[in-house]
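Here's the structure we're looking at; comments come further down.
The values are calculated or read from the model by the stated rules, or taken from the named source; none is laboratory data. Only a predicted model underlies this, so the values are computations on that prediction, with no experimental measurement involved. Note: ideal-geometry Cβ built from the backbone for every residue, glycine included; neighbour counts use all protein chains shown. Just the protein is used for accessible areas: all its heavy atoms, side chains included, with ligands, DNA and RNA removed. Shrake-Rupley method; radii C 1.70, N 1.55, O 1.52, S 1.80 Å.
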Amino acid sequence: MIKININLFATLSPYLPENSEAYTMEPDTRLDTLITRLGIPQEQVKLVFVNGKRQELSYVLDEGDRVGVFPPVGGG
């Protein structure tokens, strides 16, 4: 098992798990699998950053990764 740090922003914050600072996952888990596991509808995900770099949902997570997930933002 690996541990990652998860941050969910704005309207996604209700999906944040209690153990978000040391969230346990199986090795070789992709970002899209993480998002599904957290119960976040994929259409609510606009940007995902891992360790400060934008990543695609096919990115494979590694021990100690810091994940930030952002929803689409409206404005006017």
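Of all residues in segment 12-32, none satisfies being among the β-branched types (Val, Ile, Thr) and open to solvent by 70 Å² or more (accessible area, probe 1.4 Å).
Checking each residue in segment 41-56 for being out of contact with any strand residue (DSSP E or B) (no Cβ under 7 Å at 6 or more places or on another chain) and either in a loop (DSSP other than H, G, I, E, B) or among the basic types (Lys, Arg) (or both) picks out 41, 52, 53, 56. Here residue 8 clears all of (1) touching a residue at least 24 places away in the same chain (Cβ under 8 Å); (2) within 13 Å of residue 66 (Cβ to Cβ); (3) of a type in the set (A, V, I, L, M, F, W, C); (4) open to solvent by 50 Å² or more (accessible area, probe 1.4 Å) except the condition numbered (4). Being in contact with a Leu (Cβ under 9 Å, 6 or more places away or on another chain), more than 15 Å from residue 9 (Cα to Cα) and either open to solvent by less than 50 Å² (accessible area, probe 1.4 Å) or of a type in the set (Gly, Ala, Ser) (or both) is the filter here, so list the residues in segment 58-76 that pass it. Hits for segment 58-76 are 58, 61.
Take residue 36 and tell me if it is open to solvent by 40 Å² or more (accessible area, probe 1.4 Å) and part of a strand (DSSP E or B). No: the conditions fail for residue 36. Residue 45 passes every criterion in (1) under 11 Å from the mean Cα position of the chain (by Cα); (2) surrounded by fewer than 16 Cβ atoms within 10 Å (Cβ to Cβ) apart from (2).
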